[in-house]
1. Simple spin-label model, 7 Å along Cα-to-Cβ: His92 to Tyr116 in nm?
2. Suppose only helical runs count, i.e. DSSP H with n ≥ 4. What mean residue ellipticity at 222 nm does that imply for the chain under -39500 (n - 2.57) per run, divided by all residues and rounded to the nearest 500 deg cm²/dmol?
3. Which number gives the lysine pairs in the chain that have C-alpha atoms under 19 Å apart and are eight or more places apart or on different chains?
4. Could you tell me what percent of the accessible area of the chain is made up of carbon and sulfur, with a 1.4 Å probe and every protein chain present?
5. For a quick check of your reading of the filter: which GluC sites (Glu not before Pro) in segment 1-102 sit in a DSSP loop and have no more than 12 other Cβ atoms within 10 Å?
6. Work out how much length Tyr131 to Glu205 would gain on full extension: take 0.36 nm times their residue separation and subtract the Cα-Cα distance, in nm to one decimal.
7. With the crude spin-label approximation of a point 7 Å out along Cα→Cβ, what separation in nm comes out for Glu269 versus Glu256?
8. Which residues among segment 204-223 fall inside the zone where the amide N is under 20 Å from a point 7 Å beyond the Cα of Glu190, along Cα→Cβ?
Amino acid sequence: MQIRFWGVRGSTPTPQPENLRYGGNTSCVEVRLNGQIYVFDCGTGFRNLGKHLISEFEEKPFFAHIFLSHFHWDHIQGIPFFLPLYNNPENHFFFHSSSRTRKLQHALEDQMSDPYFPVNMAAMQAHRNFYDMEEEKLAFDECVIQSKWLNHPQGCLGFRLETDDKVVVYATDNEPGHEVFDKNVRKLAEGADVLIYDSQYLPEEYEAQKRGWGHSHWREAVNIAMGSGAKELVLFHHDPDHADNCIDSIVTKAREYYPKVRAASEGMEIQL
Ligand SMILES: [Zn+2]
Ligand SMILES: [Zn+2]
């Protein structure tokens, strides 16, 4: 299994020089499993994944399963700029998310509707399929993907991808402190080899001014990793105002509690 981080920033892209070591593109993580492509979220990092796939596959068609945690901009804004959706009518994309707040297909098409974008989704030649997902387990040839609701305005799904011997968990945009969702995220993270988790804020920022905004902090990330027996914690969805040196200091502090912590950075790869 190979995990690649194409976008690690939360909320909005931040291409300032002081952020570029960790990266300015918003949420997008790719998992490759025996050649099969699974993608978690389509923030602006999704655009670069598209360019990479085109150079890898050239004229050959391919397919991918794409899981959307929710429809906030930082999780869907790369879709209009993902070239493999336009360039080959034989490409197939399977979008999975909830239709609880808005029908999945409409939620994605609407961001490209007049007057927000010059072409609508019908300009995309590739096959697009939309699958509603709530809390469930989806079985694929190579893995099972389980989803659970997290604590976020308008809802957000966390995902656990499990093979016979490896587990990676993608759980972002989650605020601690709710009995049901605290349990959900720990259930997803149980025994994970890699836990990718929302650590947008410093604990003190969260306490002072960010309660109710739907995000977590590194201290809670460490609590979840330790409580669920996750083997490695990857801090994710970095705050737009946290420059590289701030994220460095978060990692240093987090390692005082839990040694196997790192912060996600654009271009980072993990082999399992
Ligand atoms: Zn987000
Ligand atoms: Zn969000």
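The values are calculated or read from the model by the stated rules, or taken from the named source; none is laboratory data. Just so we're clear, the structure is a prediction, and the values are computed from it rather than from any experiment. Virtual Cβ from ideal backbone geometry, glycine too; neighbours counted across all protein chains shown. Remember, those area values only see protein heavy atoms, side chains included, never the ligands or the DNA or RNA. Shrake-Rupley method; radii C 1.70, N 1.55, O 1.52, S 1.80 Å.
1. Label at His92, label at Tyr116, 2.8 nm between them.
2. Working: 7 runs with 64 residues, N = 272.
The per-residue figure over the chain is -6500 deg cm²/dmol.
3. Value for the chain: 16.
4. Working: 5780 of 11660 Å².
Here it works out to 50 percent.
5. Values: sites: Glu18, Glu30, Glu56, Glu58, Glu59, Glu90; in loops: Glu58, Glu59, Glu90.
Passing both the DSSP loop test and the Cβ count: Glu58, Glu59, Glu90.
6. Details: separation 74, 0.36 × 74 = 26.64 nm, distance 3.71 nm.
22.9 nm is the gain from fully extending Tyr131 to Glu205.
7. Each label point is offset 7 Å from its Cα along the Cβ direction, giving 3.5 nm.
8. Taking a point 7 Å out along Cα→Cβ of Glu190, the residues of segment 204-223 whose backbone N falls under 20 Å are 221-223.
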